[in-house]
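One structure is given below, encoded as structure tokens.
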Amino acid sequence: MNKQYEIARIITKNYISDEMIDKELSSLTKEEWDKHCMLLDRKMKESVKGLEKAVQENAMLQMLDNISLDSGISTTVLWIAYLKWLDVEYAVK
């Protein structure tokens, strides 16, 4: 069992199998994932702007759900892709 997948399932409350996650992650190109992740990043930052810390987590999860629905991508898979994208996008070089 992939620990990253397990954590993502708990966070998103979306209990899809490792096999389904792998299949969906491989279904899009890097460029398509970059597009979805950039959109999610921008929308999440916009959604928490001006909010108190106590409600920011719910706002971010709601935005994740919204982007997932709009794109047809599982919330768990989008979250995993987003975290991987963040590692690359914000890596100190």
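The values are calculated or read from the model by the stated rules, or taken from the named source; none is laboratory data. Here the structure is a predicted model, which is why all the values come from computation and not from measurement. So basically every Cβ, Gly included, is an ideal-geometry build from the backbone, and we count neighbours across all protein chains shown. When the accessible area is computed, the model is the full protein with side chains, heavy atoms only, and any ligands, DNA or RNA have been set aside. Shrake-Rupley method; radii C 1.70, N 1.55, O 1.52, S 1.80 Å.
The table that follows gives values for the structure above.
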| read-out | value |
| --- | --- |
| Qualifying aspartates and glutamates (Cα of each under 12 Å from Cα of K53; at least 8 residues distant if same chain) | none |
| Cα convex hull of the chain - mean projected area over all directions, nm² | 6.6 |
| Accessible area per residue in Å² at 1.4 Å probe, computed on the chain | 67 |
| Neighbour-limited loop hits for GluC sites (Glu not before Pro), the range 2-74 (at most 13 other Cβ within 10 Å; DSSP other than H, G, I, E, B) | E52 |
| Rounded percent of accessible protein surface that carbon and sulfur make up, the chain, 1.4 Å probe | 57 |
| The range 25-93: chymotrypsin sites (Phe, Trp or Tyr not before Pro) in DSSP coil with no more than 13 other Cβ atoms inside 10 Å | Y90 |
| Proximal aspartates and glutamates relative to K3, as straight alpha-carbon distance under 12 Å, when same-chain residues fewer than 8 apart are discounted | D18 |
| Part-to-part distance (alpha-carbon centres) for the range 46-80 and the range 3-30, which is given in Å | 16 |
